[in-house]
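A.B. asks: After the structure tokens below, expect a handful of questions from me.
Just so it is clear, none of the values below were taken in a lab; they were calculated from the coordinates. Source: prediction; values computed, not measured. Reconstructed Cβ throughout: ideal geometry from the backbone, glycine too, with neighbour counts over all protein chains shown.
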């Protein structure tokens, strides 16, 4: 990161998470669009790797790469099956010096694990090793990403849209659904009649005098001004 920060053609923007898990900011998608509009053709989104953030990032990027450290044995069980199913590639970093053998062993373990998973689509996830210290394997990783893009653009769905653009279209649809949910939640939080009724409804649900469904229905009716808040 220190080396990249000195590059004239690179722009690095820390994004406060604002309470979101894994450091994925609420405006990450908008930031990506802004950078793309500014002419940046390669945009990297980095997470701190706490689980939920990986699922969020996978829904907004073209290529989802999981970076791992050399480990062996029981430590390999720590990676979640869901994340492996999302990954377009897994790269074992720090494959240098005394870690080379362990890095290769880690790669082999993950390769065996990937064989047990089903991956749909045109791309078969790959497992590679690299060393950022010795600058080895980096070009191979980049070539793999370019190959993914090329293969995606050379295959089409039933509507004739290439699979690379089809993935972006599906992500935009998911983004729309997420935005609608988030905006509705914010509207509910700022709606006086709803906020006034919430404590009483929560207590009623807790005491089993009102079902959660009935309470939710009342909240929506209040929000739509179809029910007397009294």
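A.B. asks: Can you give me the angle between helix 163-189 and the longest principal axis of the chain, using Cα atoms only, in degrees from 0 to 90, rounded to the nearest 10?
C.D. replies: That helix lies at roughly 30 degrees to the long axis.
A.B. asks: Moving on. Can you put 13, 170, 29 in order, fewest other beta carbons within 10 Å first?
C.D. replies: Ordered by Cβ neighbours within 10 Å, fewest first: 13, 170, 29.
A.B. asks: For 109, 155, what's the fewest-to-most ordering of other Cβ within 10 Å of each Cβ?
C.D. replies: Fewest-to-most Cβ neighbours within 10 Å comes out as 155, 109.
A.B. asks: Then there is this: Got the relative contact order for the chain handy, in percent, Cα pairs under 8 Å and 6 or more residues apart?
C.D. replies: With pairs under 8 Å counted, the relative contact order is 11 percent.
A.B. asks: Relative to the longest principal Cα axis of the chain, at what angle does helix 100-115 sit, 0 to 90 degrees, rounded to 10?
C.D. replies: Helix 100-115 sits roughly 50 degrees off the main axis of the chain.
A.B. asks: How far, in nm, would the chain grow between residue 191 and residue 55 when pulled straight, counting 0.36 nm per residue and subtracting the alpha carbon separation? Intermediate results must be reported in sequence, preceding the final value.
C.D. replies: Numbers: separation 136, 0.36 × 136 = 48.96 nm, distance 3.07 nm.
45.9 nm is the gain from fully extending residue 191 to residue 55.
A.B. asks: Between residue 180 and residue 220, what is the label-to-label distance in nm when each label sits 7 Å out along the Cα-to-Cβ direction?
C.D. replies: 1.3
A.B. asks: Estimate the FRET efficiency between residue 10 and residue 168 by the formula 1/(1 + (r/R0)^6), using the beta-carbon distance for r and 30 Å for R0, to the nearest 0.05.
C.D. replies: The calculated FRET efficiency here is 0.80.
A.B. asks: Sticking with this structure for a sec: Where both residues lie in the chain, what percent of DSSP beta bridges are antiparallel, nearest 5?
C.D. replies: Counting only bridges with both partners in the chain, antiparallel ones make up about 20 percent.
A.B. asks: Moving on. Going by C-beta contacts inside 10 Å, put 148, 213 in order with the fewest on the left. Let's see the in-between values first.
C.D. replies: Numbers: 148 20, 213 9.
Ascending number of Cβ neighbours within 10 Å: 213, 148.
A.B. asks: Treating the angle as unsigned and between 0 and 90°, give the value, to the nearest 10°, between the Cα long axis of helix 28-37 and the longest Cα principal axis of the chain.
C.D. replies: Long axis of 28-37 versus the principal axis of the chain: about 60 degrees.
A.B. asks: What number, rounded to the nearest 500 deg cm²/dmol, is the helix-based mean residue ellipticity at 222 nm of the chain, given -39500 (n - 2.57) per DSSP H run of at least four residues and division by all its residues? Walk me through the intermediate numbers first.
C.D. replies: Working: 9 runs with 114 residues, N = 230.
Here the helix-only value at 222 nm equals -15500 deg cm²/dmol.
A.B. asks: Using a Förster distance of 25 angstrom, determine the FRET efficiency expected from the C-beta separation of residue 69 and residue 42, and round it to 0.05.
C.D. replies: Efficiency, from the Cβ-Cβ distance: 0.55.
A.B. asks: Computed from these coordinates, which is Kirkwood radius over Cα pairs in Å: (i) 21.2; (ii) 17.9; (iii) 17.2?
C.D. replies: (i)
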